[in-house]
Amino acid sequence: MSLLKPAAATLILPLLFAVSLPFHAHASAIGLTIQPVKISETMHAGDTVRGSIHLTNASDIPVSVDMSVQDFIPLAGADTIQFVGRTEGVTSVRDWVTIDAKGPFTFQRGESKDIPYTIVAPANAEPGGHFGVVFFKATSATTGETLKIGTQVGMLVLVAIPGNHLQKGQILDFTTTKFIQQGPETFTMKFQNTGTVHFEPKGEIIIRNMFGAKVGSVPIEGQVVLPTSIKDLKLTWNVKGILLGRYTASATVYDGEGTELTTKNVSFWAFPIWYGLGFIVVFGLLFMLLRFLKRRVKISFNAN
């Protein structure tokens, strides 16, 4: 992983900051939306990648949009990041990313725009993970108009340079509710990235009943964990129908080549209380009816 010298004043934020960062303002509502909110690329030194960012002015007034690129590093043992400054003689994501738009530019109310970008990994790019954010910050473009809510949005840029790097991780903990009445059932998997590049855990949770038969599965995918970071992944089993008895869930994560990296199990019990109470009530009514019939109804047989 590329390490950069922290700036004199650094900012520590949760990873989800990139979707929307508000800043103080007054009067009219303002907002930007951006897609995608994250790009993840594996690039060799000297490679070039191109794409586009879809930006929309969701404000009720025209806005002036300015752009910037900042580098960050993950903080060990957490799901937070730290913005960092430049280190003399070292290039970083902010140097690799070029935005094909002259800023600041005016964005009309409701206007959308596809903004091209280019990422060029230099010939001397260091193997490992390199991370940055492309920021778009909006301010009022209307004379005399002030803003009530301002928005700064950003797109995460995650670049892995092959070489002396490692894609590895482990499940630290795997938990769920110990007793449920019905679905859905949510699992929490605490995953640690022990490698040197960003890693998207991929795998599957297999659920089996008390007889060992497979009754369901949940894919593990769609969430990136940065190097040295620990992240709680929420995964939901949208089961339908009645659950009854003891169940065991096994979570397994694989690397990019399909080799098993880590696995953990958790057990839970399911009993539909309302169905059980209904059964008890019906059984009790039947029992009382039979006793009543036994006392009130006499059956006799006449022999000829």
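The table below lists the values:
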quantity: Candidates Ile119, Ile53, filtered to the one that is modelled with pLDDT of 95 or more, in contact with a helix residue (DSSP H, G or I) (Cβ under 7 Å, 6 or more places away or on another chain) and part of a strand (DSSP E or B); calculated: Ile119
quantity: Verdict on Thr186 being outside the structural domain of Thr56 (by TED's automatic domain parsing) and either over 23 Å from Pro36 (Cβ atoms) or assigned to a strand (DSSP E or B) (or both); calculated: yes
quantity: Leading residue by the ranking (nearest to Gln182 (Cα to Cα)) among those in segment 216-249 that are at pLDDT 90 or above and of a type in the set (Lys, Arg); calculated: Arg246
quantity: Segment 50-67: number of residues that are touching a Phe, Trp or Tyr at 6+ places or on another chain (Cβ under 6 Å) and either over 26 Å from Ser40 (Cα atoms) or not assigned by TED's automatic domain parsing to the domain that holds Lys102 (or both); calculated: 1
quantity: Residue in segment 124-140 that is farthest from the chain's Cα centre (by Cα), counting only those that are part of a strand (DSSP E or B) and within 26 Å of Gly163 (Cα to Cα); calculated: Gly128
quantity: Residues being assigned to a helix (DSSP H, G or I) and surrounded by fewer than 13 Cβ atoms within 10 Å (Cβ to Cβ) - total across segment 87-103; calculated: 0
quantity: In segment 164-215, the residues that are of a type in the set (Gly, Ala, Ser), modelled with pLDDT under 90 and farther than 21 Å from Met43 by Cβ; calculated: Gly183
quantity: Matching residues in segment 154-168 - criterion: being under 19 Å from the mean Cα position of the chain (by Cα) and assigned to a loop (DSSP other than H, G, I, E, B); calculated: Gln167, Lys168
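The values are calculated or read from the model by the stated rules, or taken from the named source; none is laboratory data. Note that this is a predicted model, so its numbers are computed, not measured. With ideal geometry, Cβ positions are generated from the backbone for all residues, glycine too; neighbour counts draw on all protein chains shown.
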